[in-house]
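Note sheet for the following structure.
Every number here is computed from the coordinates shown, using simple stated rules; none is lab data. The model shown is predicted, which means the values in this text are computed figures rather than measured ones. When we count neighbours, we look across all protein chains shown, and the Cβ atoms used for this are built from the backbone with ideal geometry, even at glycine.
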């Protein structure tokens, strides 16, 4: 697989999860390794550089040897805040930021390429996956030139979620064909973690 | 990996998260009741009945308190 130049990636690694026992969801063990390791392994070949988005620096994540990007200011700014920090700290030479959550162990290995082609084809500064008729804003690609708009939305208007942001920011939509298991399957509770473990034995 | 291995790891990991609380076993029991599906609790109970190899002490204590769902 070709490593894309000019493309950076960020994993939303932030949150602790009550439903997963109060620890970092990213560190929940799946098939012998932390959940987020599955995501890192699938994203790293797709991007030139990869960072972790965290609320505040997390020593527990140092083991992954990836730079951590903290939220723009104290208090949770949600996934939009994570994207803002990642874009603001994006390496020179990169124009696009691939965004992904830490809890999707089956995410597609051709995600970046398809998002980029779709964004370029529609001449938009952002591109978001749509799967089973649902917009999946945390599987998305964003151009550097959206930084001022994001700063305004997060820091001045106090937006935290993508729904609101997407209302007045045009993006390309990448329709992804359904398959089983869903490549965007994400783990929100212990039952889903067990299901993922079963799927790992199969996929 | 065997399904039960994943369940054991999940339970042990959650026990680790709670381990610095004095009432860790209470919290663990509560967690298993609230967030684990009955079928998952059942498998853990059966596994403990069969010896429970690899379960951490807090997990054993919490699972012993669970009613068979």
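Could you tell me how many degrees, from 0 to 90 and to the nearest 10, lie between the Cα long axis of helix B:3-18 and the main elongation axis, the longest principal axis, of the Cα atoms of chain B? The angle comes out near 0 degrees.
Of the DSSP beta bridges with both residues in the stretch A:1-149, give the percent that are antiparallel, rounding to the nearest 5. Let's see the in-between values first.
Details: 13 of 27 bridges.
The antiparallel fraction comes to roughly 50 percent.
Could you please state, rounded to a whole Å, how far the C-alpha centre of the stretch B:16-69 is from the C-alpha centre of the stretch A:87-154? Centre-to-centre distance over Cα atoms comes out at 40 Å. Highest mean first, the peptides A:87-94, A:136-143 sorted by other C-beta atoms within 10 Å per residue fall in the order A:136-143, A:87-94. Counts of other chain beta carbons within 10 angstrom of each beta carbon in peptide A:17-28 average 4.
Shape of the stretch A:7-116 from the C-alpha gyration tensor: oblate (a/c of 1.5 or more and a/b not above b/c, with a ≥ b ≥ c the square roots of its eigenvalues).
Given Cα pairs under 8 Å that are at least 6 residues apart, what percent is the relative contact order of the stretch A:61-203? Numbers along the way, then the final one.
Details: 177 pairs, mean separation 41.6, N = 143.
Once normalised by length, the contact order is 29 percent.
Taking label positions 7 Å along the Cα-Cβ direction at both residue A:163 and residue A:180, the computed distance is 2.9 nm, reported to one decimal.
Averaged over the residues of peptide A:43-55, the number of Cβ atoms from other protein chains lying within 10 Å of each residue's Cβ is 0.
Counting, for every residue in B:3-14, the Cβ atoms of other protein chains within 10 Å of its Cβ and taking the mean gives 5.
Tell me what chain B gives for mean residue ellipticity at 222 nm when only DSSP H runs of n ≥ 4 count, each as -39,500 (n - 2.57), the sum divided by the residue total, rounded to 500 deg cm²/dmol.
Numbers: 4 runs with 49 residues, N = 69.
About -22000 deg cm²/dmol.
Determine the shape class of the stretch A:144-203: with a ≥ b ≥ c the square roots of the Cα gyration tensor eigenvalues, call it rounded for a/c under 1.5, and otherwise prolate if a/b is greater than b/c, oblate otherwise.
Details: a/c = 3.73, a/b = 2.15, b/c = 1.73.
Since a/c reaches 1.5 and a/b is larger than b/c, the shape of the stretch A:144-203 is classed as prolate.
Can you order the peptides A:12-18, A:128-134 by their average number of other Cβ atoms within 10 Å per residue, highest first? Can you show the working numbers first?
Numbers: A:12-18: 20.1, A:128-134: 15.0.
Packing proxy ranking, top to bottom: A:12-18, A:128-134.
Note on chain A: helix-only mean residue ellipticity at 222 nm, from DSSP H runs of 4+ residues weighted -39500 (n - 2.57) and normalised by residue number, equals -8000 deg cm²/dmol.
Let me know the whole percent of all Cα-Cα pairs from chain A that are separated by more than 31 Å. Walk me through the numbers before you get to the answer.
Details: 2548 of 20503 pairs.
That fraction is 12 percent.
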